[in-house]
Amino acid sequence: MSTNDIRVTRLGDHLGGEIADLDVQRIGGDIPLEAVKALLFEYQLLCFRDQNLTAQELLDFTRLFGDPDPHILQQFALPGFPDIVVLSNIVEDGRPLGNRKEGFGWHTDLTYMARPAAYTILYGLEVPPDGGDTLFASTYKAYDTLDDDEKARLRPLKGRYSYLKLYESRNNKTPLTAEQRARTPDVAHPLVRVHPETGRQGMYLNLDDCIGVEGDDTVDGKALVSRLFDYTVENFQYRHKWRVRDLLIWDNRGALHTATPYDMERHRRLIYRTSVRGEVPIGAD
Ligand code: SIN
């Protein structure tokens, strides 16, 4: 079995592939992981339809791609599963099942970590009939369109990221604990990142936790990141309209994403999320 034997339908002009008839529990068995990873690198985002997974099976799928990274905010983990974050507006017996605010606003995952997420996996257990889509945008495709001078200007630069800044911007009431602070010192990552497996170069950007850019004192770093960010999301986007039991996996090294609003009073949304820890980002210079 090779990549040619897996039927993929393109989802968006810039990224995204749908695999309609493959049970992900076969991956690593009769479906080689390498074939699926090759498709993931080609499409950046894969959607496996109609998956029937327990929480443990979701975790087993995640582990095929590397070590799961438990989120800093453990209050939103699925009970008994510290590596699974619950995103939901559902309240049962007075207890919120998950985080209803998470994921809104364009971002790539965990830039504030020294080893940010390589992959993110979302599993849609309940999805609203309208709204609640997830948007994606390719920073690879955006980078490919920059002229050589601009690419050369970006290559030596690093974005600086702060989890504290992100946390405080969200009006969180409880201060981070000493342990949470210790896990999240400020970090700097190359603005042009090289994929460790394919060698592909692309922009690696985040805005909400960005506290500046290092490498060129003449550059207004925040303005630069903001401009590149806007260019990417305006021009290289795909909108994922969820179906129940969609399993999405994407490569964060070259993609941004955001949740979109839905009527939280009328509709239920329940998504499980896992993250796979990536490498220390590799620069192009
Ligand atoms: C996320 O950004 O982690 C979640 C996106 C979504 O809920 O659509």
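The values are calculated or read from the model by the stated rules, or taken from the named source; none is laboratory data. Because the structure is predicted, anything quoted here is derived from the model rather than measured. Neighbour counts run over all protein chains shown; Cβ positions are idealised from the backbone, glycine included.
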Checklist outcome for this item: Conditions (1) surrounded by fewer than 21 Cβ atoms within 10 Å (Cβ to Cβ); (2) of a type in the set (A, V, I, L, M); (3) out of contact with any helix residue (DSSP H, G or I) (no Cβ under 8 Å at 6 or more places or on another chain); (4) closer than 29 Å to residue 225 by Cβ -> residue 45 fails only (1)
Checklist entry - Residues that are touching a residue at least 24 places away in the same chain (Cβ under 8 Å) and hydrophobic (A, V, I, L, M, F, W, C): which strands (runs of 3 or more DSSP E) entirely in segment 115-198 hold 1 or more of them? => result 117-126, 134-138, 187-190, 192-194
Checklist entry - Condition test on residue 167, is it aromatic (Phe, Trp, Tyr) and at pLDDT below 95? => result yes
Checklist outcome for this item: Of those in segment 231-285 that are closer than 20 Å to residue 54 by Cβ, among the hydrophobic types (A, V, I, L, M, F, W, C) and part of a strand (DSSP E or B), the residue nearest to the ligand (Cβ to nearest atom) is 271
Item to check | From the options 109, 69, residue that is of a type in the set (Asp, Glu) and closer than 22 Å to residue 132 by Cβ | outcome: 109
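What tally of residues in segment 90-122 results from selecting those that are of a type in the set (Ser, Thr, Tyr) and within 11 Å of the ligand (Cβ to nearest atom)?
Applying the first criterion (of a type in the set (Ser, Thr, Tyr)) to segment 90-122 yields 108, 111-112, 119-120.
If we keep only those that are within 11 Å of the ligand (Cβ to nearest atom) too, we end up with 108, 120.
The total comes to 2.
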